[in-house]
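Asks: Let me give you the structure first, and then I'll get to my questions.
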Amino acid sequence: MMTGKFSEALADLDLLISLDDTIYDPFYLRGSIYESIGDWEKAAQDYRSLAAVITSNYENPQLLELAQSALAAAEKMEANR
């Protein structure tokens, strides 16, 4: 079950993403929250979005590697459910 703080953080991150979906931080943070609460499908979705934002708007191989690693972990956990 999600705590109030996670719910509040998710609402704030949803708002940030709706205002500007070209910034990668909210996708990473929201994906991390979904991971923490065991919602691997939503975590993987956010990590896919993170990788897309990084690929489209940033030239930073380390960030892309982080996004791909987080996505792989979330997809593995989702498959093992």
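The values are calculated or read from the model by the stated rules, or taken from the named source; none is laboratory data. All of these numbers come straight from a predicted model, not from anything done at the bench. Don't worry about glycine lacking a Cβ; one is built from the backbone with ideal geometry, like all the others, and counts go over all protein chains shown. What goes into the accessible areas is simple: the full protein's heavy atoms, side chains included, and nothing from ligands, DNA or RNA. Shrake-Rupley method; radii C 1.70, N 1.55, O 1.52, S 1.80 Å.
Asks: If I go through the range 47-56 residue by residue, how many of them are open to solvent by 80 Å² or more (accessible area, probe 1.4 Å) and modelled with pLDDT under 85?
Replies: Counting residues in the range 47-56 that are open to solvent by 80 Å² or more (accessible area, probe 1.4 Å) and modelled with pLDDT under 85 gives 2.
Asks: Could you say which residue among Glu8, Glu35 is of a type in the set (Asp, Glu) and loosely packed, with under 12 Cβ neighbours inside 10 Å?
Replies: Glu8
Asks: Can you pull out every residue in the range 22-59 that is among the charged types (D, E, K, R), within 12 Å of the chain's Cα centre (by Cα) and farther than 25 Å from Ala79 by Cα?
Replies: Asp25
Asks: Oh, and also: Is at least one residue of the range 69-76 assigned to a helix (DSSP H, G or I), surrounded by 14 or more Cβ atoms within 10 Å (Cβ to Cβ) and in contact (Cβ under 8 Å) with a residue 40 or more places away in the chain?
Replies: Looking for residues that are assigned to a helix (DSSP H, G or I), surrounded by 14 or more Cβ atoms within 10 Å (Cβ to Cβ) and in contact (Cβ under 8 Å) with a residue 40 or more places away in the chain, one finds at least one in the range 69-76, hence yes.
Asks: In the range 28-35, is there at least one residue being aromatic (Phe, Trp, Tyr) and at pLDDT below 90?
Replies: So far as the range 28-35 goes, no, none of its residues is aromatic (Phe, Trp, Tyr) and at pLDDT below 90.
Asks: Does any residue of the range 21-32 turn out to be out of contact with any helix residue (DSSP H, G or I) (no Cβ under 9 Å at 6 or more places or on another chain), open to solvent by 70 Å² or more (accessible area, probe 1.4 Å) and assigned to a helix (DSSP H, G or I)?
Replies: no
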